[in-house]
1. Quick one: which residue in 60, 65, 19, 81 is closer than 21 Å to residue 120 by Cβ, surrounded by 14 or more Cβ atoms within 10 Å (Cβ to Cβ) and in the same structural domain as residue 108 (by TED's automatic domain parsing)?
2. State yes or no: is residue 201 outside any strand (DSSP E or B), touching a strand residue (DSSP E or B) at 6+ places or on another chain (Cβ under 6 Å) and surrounded by 14 or more Cβ atoms within 10 Å (Cβ to Cβ)?
3. Please tell me if residue 163 is surrounded by fewer than 18 Cβ atoms within 10 Å (Cβ to Cβ), closer than 12 Å to residue 256 by Cβ and free of Cβ contacts under 8 Å to residues at least 24 places away in the same chain.
4. Got a sec? Which of 227, 222 is surrounded by 19 or more Cβ atoms within 10 Å (Cβ to Cβ), within 16 Å of residue 158 (Cβ to Cβ) and under 15 Å from the mean Cα position of the chain (by Cα)?
5. Tell me the residue from 245, 231 that is modelled with pLDDT of 90 or more and either assigned by TED's automatic domain parsing to the domain that holds residue 160 or not in a helix (DSSP H, G or I) (or both), please.
């Protein structure tokens with residue numbers, strides 16, 4: 001018989017206690033209580049595997065005691081002591097929380113058989129609890145892994161650090177954990193869920209060397225080059241959930257750190273492109289002004305030359321008949337005018353050259 005089985009006897013009859021102890025001391029750890037004062041506290045402290053209780057003890061809160069014993073992990077198996085084998089007595093025993101009962105006077109064979117049945121029920125109960133815990137842990141782990149996968153998918157679409165911090169906080173809070181977060185970038189430290197001048201912000205900013213994970217009481221600080229996280233209100237450090245949360249959050253921190261680097265490069269590239277576009281626009285404005293000025297001057301010169309030609313033509317055509325010299329003068333004037341118009345070709349060449357340069361700059365930006 002297993003010597004680790006603890007049995008609690010609650011009985012005011014000394015003879016019954018002595019008789020049961022004599023039957024059970026060989027192979028079990030037996031504790032006896034013969035009064036009802038502070039019995040619930042003492043029973044919880046002993047945490048028996050099996051409790052044998054006389055429900056007729058004066059002042060004994062039988063139903064409350066049974067409920068408390070049943071709420072223990074693992075729960076105690078409760079046997080009532082009874083000298084009444086009627087249906088009413090059995091029904092009353094079960095309604096008060098008993099799993100079974102022992103009849104007085106005690107039959108040693110019956111006592112050991114009842115104890116063995118209780119032990120078997122205890123083992124079944126332990127297996128059920130273990131199976132339930134295993135299933136619960138598997139479900140929790142599956143949920144947490146699903147949260148991590150969802151988080152990794154979400155951060156790929158984050159366009160700035162505010163969106164990234166929101167995705168991180170939402171994911172960690174799905175684990176029923178509170179947190180503070182700091183993201184470090186070229187513009188400095190950005191704190192989330194804590195004030196910039198708070199002690200938490202100072203602690204998160206003091207990343208030193210290889211101390212990637214710092215554990216203290218029910219808190220964990222996880223550091224990365226670009227992000228630090230303080231987890232608060234964690235489960236006990238010796239629990240499986242604590243270990244899972246630490247590992248899962250560490251995975252998320254490393255993933256977020258890589259995304260922070262990527263976002264920083266994207267923002268830097270976007271800023272560079274914006275600056276280059278601004279320079280290209282300034283260059284285009286200068287070309288426009290240069291063309292406008294040059295064209296205006298050319299137009300002014302052209303108008304002047306045309307006016308001069310008109311005057312010359314008037315003086316030339318005063319005479320109704322043209323001699324050789326008049327004809328020569330007319331031809332020279334026309335030739336001079338055409339020479340002035342030919343200057344527009346140079347203007348066109350200049351315009352095309354500058355516009356081609358502008359288009360080249362814009363195509364280069366688009367290629368980047």
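1. 81 is the lone residue from the list that is closer than 21 Å to residue 120 by Cβ, surrounded by 14 or more Cβ atoms within 10 Å (Cβ to Cβ) and in the same structural domain as residue 108 (by TED's automatic domain parsing).
2. When the stated conditions are applied, residue 201 passes them.
3. Answer is yes for this residue.
4. The unique qualifying residue is 227.
5. Going through 245, 231 in turn, just one is modelled with pLDDT of 90 or more and either assigned by TED's automatic domain parsing to the domain that holds residue 160 or not in a helix (DSSP H, G or I) (or both): 231.
The values are calculated or read from the model by the stated rules, or taken from the named source; none is laboratory data. Since we're looking at a predicted model, the values are computed, not measured. As a convention, Cβ positions derive from the backbone with ideal geometry for all residues, glycine included, and neighbour counts pool all protein chains shown.
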